[in-house]
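The values are calculated or read from the model by the stated rules, or taken from the named source; none is laboratory data. The structure presented is a predicted model; accordingly, all values stated were derived computationally and were not measured. Glycine also receives a Cβ, built like all others from the backbone with ideal geometry; neighbour counts cover every protein chain displayed.
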Ligand code: PA5
């Protein structure tokens with residue numbers, strides 16, 4: 001069986017004691033009961049908890065078939081969505097098949113840049129293009145505009161009949177403009193269950209369909225999430241690393257550590273950090289309390305942010321994401337002249353140096369007053385990412401409840417929208 005995630009907490013020594021951890025038990029147990037007994041705020045959005053077990057063969061087969069059908073007729077697939085409706089797929093594809101991004105899989109609808117859209121359409125003009133449009137509400141402005149623009153572009157290319165098998169919608173079963181469009185035009189569609197919010201939807205067709213189009217083994221991803229779920233069913237902090245992570249964050253917050261930096265020593269994990277930021281930012285940031293979720297790409301950002309982390313304001317803690325077996329390898333060659341004085345590394349893998357960079361960074365930042373944890377992923381695989389997604393989702397649910405907030409809503413996101421709609425003159429705004 002594939003190996004699972006591990007959590008290294010040695011660099012919390014002196015910042016968190018076993019008594020501190022013990023003191024979180026009542027909060028942790030309350031949060032656990034809120035989730036498992038489905039009695040806490042937001043309990044109507046707990047569909048993600050058993051999803052890895054409950055996702056049925058029929059849905060997986062439908063996703064695989066839709067992906068195969070799209071791949072057959074297209075060499076470019078535009079995935080349209082924002083927030084939880086794109087970050088999980090983007091993160092997984094960037095990590096496992098980064099070469100597919102902007103070669104075969106293009107993302108749109110996550111910004112409002114006319115320049116971006118113009119350049120995208122330009123790249124697509126000589127390609128065979130299909131669209132996957134994803135929006136749970138079916139009314140979000142950014143993806144709605146992108147869908148209208150790209151659909152119009154496809155209509156000119158293929159005509160409205162030729163368009164039909166090139167569009168797949170992922171949206172609510174009944175409500176929203178996208179559901180109406182899908183039903184009226186007869187597009188293939190997938191439902192997002194009512195009880196799963198956007199940022200917890202990576203293991204639904206929202207994440208799985210674009211991943212399958214990129215050739216990722218979605219069954220392996222689901223298996224990873226299933227395994228991780230089994231390890232997070234009780235409050236034992238020795239075995240349930242999701243809860244341990246949530247408890248540690250909560251203690252550090254109460255000790256004045258108000259910013260968490262998630263850093264991976266692999267630039268392809270950049271979008272995992274982005275997915276994580278949304279998950280924790282939207283799940284915890286309410287009621288005047290929050291841990292600000294920031295991220296860095298190391299070792300790149302050690303040369304820009306490293307100084308601040310080492311010696312700036314001591315309100316930080318860090319979580320490192322490390323892949324133990326990093327995929328393709330590249331050896332540092334021997335050089336007769338050794339003018340760069342690197343022969344002491346000749347014959348070593350670049351990833352070996354990277355691991356040492358992580359070890360050195362964790363120790364240096366700890367000594368500089370920044371407590372840190374490391375999540376180890378055994379390998380760069382769909383299984384490992386399935387474990388990671390579930391690990392963080394469960395931790396975010398628990399952590400939100402430990403903060404005495406509803407981890408599953410995001411009322412604050414509406415504020416800018418209302419003002420923007422008024423500025424744009426939207427009818428009824
Ligand atoms: O977590 C959430 O629910 C949100 O951040 C959404 O993911 C995001 O706003 C996109 O929403 P929708 O899928 O409805 O277009």
Evaluation of residue 129 against (1) touching a strand residue (DSSP E or B) at 6+ places or on another chain (Cβ under 9 Å); (2) within 28 Å of residue 279 (Cα to Cα) (one fails), failing number: (2)
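Residue by residue, here is whether (1) assigned to a helix (DSSP H, G or I); (2) at pLDDT 95 or above; (3) buried (at least 20 other Cβ atoms within 10 Å of the Cβ) holds:
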site	(1), (2), (3)
61	yes, yes, no
65	yes, yes, no
92	yes, yes, yes
111	no, yes, no
163	yes, no, no
Check on residue 189, without any contact (Cβ under 8 Å) to a residue 60 or more places away in the chain and crowded, with 17+ Cβ neighbours inside 10 Å: yes
Hits in the range 361-411 - residues which are out of contact with any helix residue (DSSP H, G or I) (no Cβ under 8 Å at 6 or more places or on another chain), over 19 Å from residue 268 (Cα atoms) and away from the ligand (no atom under 16 Å from the Cβ): 367, 369, 404
Selection within the range 125-148 - more than 13 Å from the ligand (Cβ to nearest atom) and surrounded by fewer than 18 Cβ atoms within 10 Å (Cβ to Cβ): 125, 126, 127, 128, 148
Residue within the range 166-174 that is in a helix (DSSP H, G or I), surrounded by 16 or more Cβ atoms within 10 Å (Cβ to Cβ), free of Cβ contacts under 8 Å to residues at least 24 places away in the same chain and more than 14 Å from the ligand (Cβ to nearest atom) present: no
The range 121-136 residues that are without any contact (Cβ under 8 Å) to a residue 40 or more places away in the chain, paired with ones that are surrounded by fewer than 24 Cβ atoms within 10 Å (Cβ to Cβ) and outside any helix (DSSP H, G or I) (beta carbon under 7 Å, 6 or more apart): none
Residue list for the range 70-87, filter: more than 16 Å from the ligand (Cβ to nearest atom), part of a helix (DSSP H, G or I) and buried (at least 16 other Cβ atoms within 10 Å of the Cβ): 70, 71
Residue check, residue 99 within 16 Å of the ligand (Cβ to nearest atom) and either within 21 Å of the chain's Cα centre (by Cα) or within 24 Å of residue 418 (Cα to Cα) (or both): no
Top-ranked residue in the range 175-197 [being assigned to a strand (DSSP E or B) and away from the ligand (no atom under 12 Å from the Cβ); ranked as farthest from residue 72 (Cα to Cα)]: 191
Residue match in the range 208-225 (condition: under 23 Å from residue 283 (Cα atoms), more than 16 Å from the ligand (Cβ to nearest atom) and either more than 20 Å from the chain's Cα centre (by Cα) or surrounded by fewer than 23 Cβ atoms within 10 Å (Cβ to Cβ) (or both)): yes
Top-ranked residue in the range 399-411 [being out of contact with any strand residue (DSSP E or B) (no Cβ under 6 Å at 6 or more places or on another chain) and either farther than 30 Å from residue 308 by Cα or without any contact (Cβ under 8 Å) to a residue 24 or more places away in the chain (or both); ranked as surrounded by the fewest Cβ atoms within 10 Å (Cβ to Cβ)]: 411
Inter-residue pairs, beta-carbon under 6 Å, first in contact (Cβ under 8 Å) with a residue 24 or more places away in the chain and in the range 332-355, second surrounded by 12 or more Cβ atoms within 10 Å (Cβ to Cβ) and part of a loop (DSSP other than H, G, I, E, B), 6+ apart: 351/326; 354/265
Options 388, 373; residue that is closer than 28 Å to residue 239 by Cα, touching a strand residue (DSSP E or B) at 6+ places or on another chain (Cβ under 8 Å), in contact (Cβ under 8 Å) with a residue 24 or more places away in the chain and part of a helix (DSSP H, G or I): 388
Identity of the residue in the range 46-59, free of Cβ contacts under 8 Å to residues at least 12 places away in the same chain and assigned to a helix (DSSP H, G or I), that ends up nearest to residue 166 (Cα to Cα): 58
Qualifying residue in the range 227-245 (condition: within 13 Å of the ligand (Cβ to nearest atom) and either in a loop (DSSP other than H, G, I, E, B) or at pLDDT below 95 (or both)): no
The range 255-291, subset part of a helix (DSSP H, G or I), free of Cβ contacts under 8 Å to residues at least 60 places away in the same chain and under 19 Å from residue 406 (Cα atoms), residue nearest to the ligand (Cβ to nearest atom): 281
